[in-house]
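For reference, the structure is listed below as structure tokens.
The values are calculated or read from the model by the stated rules, or taken from the named source; none is laboratory data. None of these values were measured; they are calculated from a predicted model. Cβ sites come from the backbone with ideal geometry, for glycine too, and all protein chains shown count toward neighbours.
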Amino acid sequence: MIIALLQDGIFAAIAAIGFASISNPPKRAYLYCAIIAAVGHALRYLLMNNSICQIHIILASFIAAFVIGLMAVYLASHAKCPAETCFFPALLPMIPGIYAYHTIEALLLCLYHSKEEAFNHYFYLLSYNGLTCLFIILGMVIGATIPIFLFKNTSFQATR
């Protein structure tokens, strides 16, 4: 389990550095983006795959995004950049791509099949995957922005 957590964190850190490089933040922010992404993604992995917790991906993503937001607010003053600069690249590796892919696949198969039984099956898959994808993204957005509103004074001091 520890090796899987480390792998998950390392790959999330690499992805966050790649996403951060697109938005051209200060060079000192790359390390913080990587650390925040590694901790957040590894936490989500732990919450979902631990035999004790086994939390659904929606709630696990919300909790991990909240922790990412907290870390971004705290570390933004060290990086001397806004908290958003640190948490946007850290959240991007958690985007539920497989659910989005299965949503589009189910939509196309739903349109392709005209028999009611097959249509209902693919419509069910479309609904399940689409709603799961939507609520994961919504949970991530809300979870990451709550700390910025809770610690408004701290988060805005980083840019002064």
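I'm checking my understanding of the structure. Among residues of region 87-135 that are free of Cβ contacts under 8 Å to residues at least 60 places away in the same chain and among the β-branched types (Val, Ile, Thr), which one is nearest to Arg28 (Cα to Cα)?
This residue is Ile95.
Can you find, within region 49-86, the residue that is surrounded by the fewest Cβ atoms within 10 Å (Cβ to Cβ) among those that are without any contact (Cβ under 8 Å) to a residue 60 or more places away in the chain and within 25 Å of Gly130 (Cβ to Cβ)?
Gln54
Exactly one condition in (1) closer than 24 Å to Ala4 by Cβ; (2) within 15 Å of the chain's Cα centre (by Cα) is not met by Leu31; state its number.
Failed condition: (2).
Residue check, Glu116 against (1) modelled with pLDDT of 95 or more; (2) surrounded by fewer than 17 Cβ atoms within 10 Å (Cβ to Cβ), all met but one. Which one?
For Glu116, the exception is condition (1).
Among residues belonging to region 6-17 that are farther than 16 Å from Ala72 by Cα and touching a residue at least 40 places away in the same chain (Cβ under 8 Å), point out the one that is surrounded by the fewest Cβ atoms within 10 Å (Cβ to Cβ).
Phe11
Exactly one of these conditions fails for Ile3: (1) in contact (Cβ under 8 Å) with a residue 12 or more places away in the chain; (2) out of contact with any Gly (no Cβ under 9 Å at 6 or more places or on another chain); (3) of a type in the set (A, V, I, L, M). Give me its number.
(1) is the only condition that Ile3 fails.
To keep it simple, each residue is scored yes or no on (1) outside any helix (DSSP H, G or I); (2) β-branched (Val, Ile, Thr); (3) out of contact with any helix residue (DSSP H, G or I) (no Cβ under 7 Å at 6 or more places or on another chain).
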{"position": "Ile58", "(1), (2), (3)": "no, yes, no"}
{"position": "His102", "(1), (2), (3)": "no, no, no"}
{"position": "Leu107", "(1), (2), (3)": "no, no, no"}
{"position": "Glu117", "(1), (2), (3)": "no, no, yes"}
{"position": "Asn129", "(1), (2), (3)": "no, no, no"}
{"position": "Phe135", "(1), (2), (3)": "no, no, no"}
{"position": "Met140", "(1), (2), (3)": "no, no, no"}
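Suppose we keep only residues that are farther than 23 Å from Tyr32 by Cβ and part of a helix (DSSP H, G or I) within region 60-100. Which one would you say is modelled with the lowest pLDDT?
So, considering only residues that are farther than 23 Å from Tyr32 by Cβ and part of a helix (DSSP H, G or I), the one modelled with the lowest pLDDT is Gly97.
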